[in-house]
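K.L.:
Take this structure first; my questions come after.
Laboratory data are not the source of any read-out in this text; all were calculated from the coordinates shown. Computed from a predicted structure; not experimentally measured. Reconstructed Cβ throughout: ideal geometry from the backbone, glycine too, with neighbour counts over all protein chains shown.
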Amino acid sequence: MNRKPIVGISMKTYQNNYAQALAYTNSLIHKVGSEKDLDLMYFPSIGLLYSLAQAVNASSLQFGAQNIGTMVNGAQTGEFSLEILKEINGKYVELGHAERINLMNEDYNMIATKLKITLENNLIPVLCIGESTRFEEEEELEKELTRQLKNCLEKSLLMDLNSLIIAYEPIWAIGAKESADPKYIWKSHRIIRKILKKIISEESANNIRIIYGGSVSKETTPNIIASEDVDGVFVGRFGHDPDNFAEIVRIVEGVKNK
Ligand code: PGA
């Protein structure tokens, strides 16, 4: 299977000071900004997207927005329009993160609409899914992931979904001390690909990249990505140090492009 590996980092709203964010961005660019053998997604604190654009666009890093409004243009006070992302050459839209569902009351209907308008505007959706507690029973896990995928993809099933990226982020492993254990991650990725085959098509399921997120660190990355169903990682806190993020990128690049 020829899926390009991918590593992302989201700063959530941890880094909101322009000078600090620019220094961090420049450091990422210096350390990994000329990588060509894998895709790099960078999701800064959303209000800083515009001001960091020039620096990012001169590198191989690509921007993403952590959220968009359900309308491309119109009366949605306080929302972030994907038109802005397009204007600054952004590429990725993160959707369905557990924090947006749990803290901002985002529902599947909204996520499905956002996914549809993302595809219609030729941007790449990074759809986060994941169960809230660890399931020992494979059937239960499959049922829950099927429910989430069906709901989120509901409005896009007739569209070309080959560019879609799924971020498997078990909620119980977000903000934790460590990532979920590799075997559990591999199993979940295998299940997700099986579900995609059923609800979309064999071909798309083989093209869609599935990455893992949830307390990813340079220590846990090598085992996480050892399965061929894991196409990369989505990093949070443990990438706040640019050296750690660069190390994670190097590990993924080395293992996947062997
Ligand atoms: P974390 O964040 O690595 O800080 O747990 C991951 C995420 O929410 O994507």
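K.L.:
Hey, can you rank 81-91, 217-227 by average C-beta count inside 10 Å, highest first?
P.N.:
217-227, 81-91
K.L.:
Quick one: how many lysine pairs does segment 167-258 have with C-alpha atoms less than 17 Å apart and a gap of 8 or more or different chains? Give me the count, please.
P.N.:
5
K.L.:
Please list, in order along segment 167-180, the HN-Hα scalar couplings obtained from phi with the Karplus expression 6.51 cos²θ - 1.76 cosθ + 1.60 (θ = phi - 60°), rounded to whole Hz, x for Gly and Pro.
P.N.:
9, 7, 10, x, 4, 5, 9, 7, x, 8, 6, 9, 5, 4
K.L.:
What is the Cα centroid distance between segment 164-205 and segment 1-75, reported in whole angstrom?
P.N.:
23
K.L.:
Using the 10 angstrom Cβ neighbour count as an exposure proxy, how do Val93, Val126 rank, fewest first?
P.N.:
Least crowded to most crowded, the residues run Val93, Val126.
K.L.:
For the ranges 55-68, 152-165, what's the packing order if you count other beta-carbon atoms within 10 Å of each residue, average per peptide, and put the highest first?
P.N.:
55-68, 152-165
K.L.:
Find out how many positive minus negative residues lie around Trp172, taking Lys and Arg as positive, Asp and Glu as negative, among other residues whose Cβ is under 9 Å from that of Trp172.
P.N.:
Result for the neighbourhood of Trp172: 0.
K.L.:
With θ set to phi - 60°, apply the Karplus curve 6.51 cos²θ - 1.76 cosθ + 1.60 along segment 113-130 and write out the HN-Hα couplings as whole Hz, x wherever there is a Gly or Pro.
P.N.:
These are the phi-based 3J(HN,Hα) values: 5, 4, 5, 4, 6, 4, 5, 4, 9, 6, 9, 9, x, 10, 8, 8, 9, x Hz.
K.L.:
So if the hydrodynamic radius of the chain is defined as the Kirkwood radius over C-alpha pairs, what does Stokes-Einstein give as its diffusion coefficient at 37 °C and 0.692 mPa s, in µm² per second?
P.N.:
For the chosen part, D equals 180 µm²/s.
K.L.:
Once segment 79-225 is represented by equal point scatterers at the alpha-carbon sites, with solvent omitted, what log10 I(q)/I(0) does the Debye formula produce at q = 0.10, 0.12, 0.16, 0.20 Å⁻¹?
P.N.:
-0.34, -0.49, -0.88, -1.32
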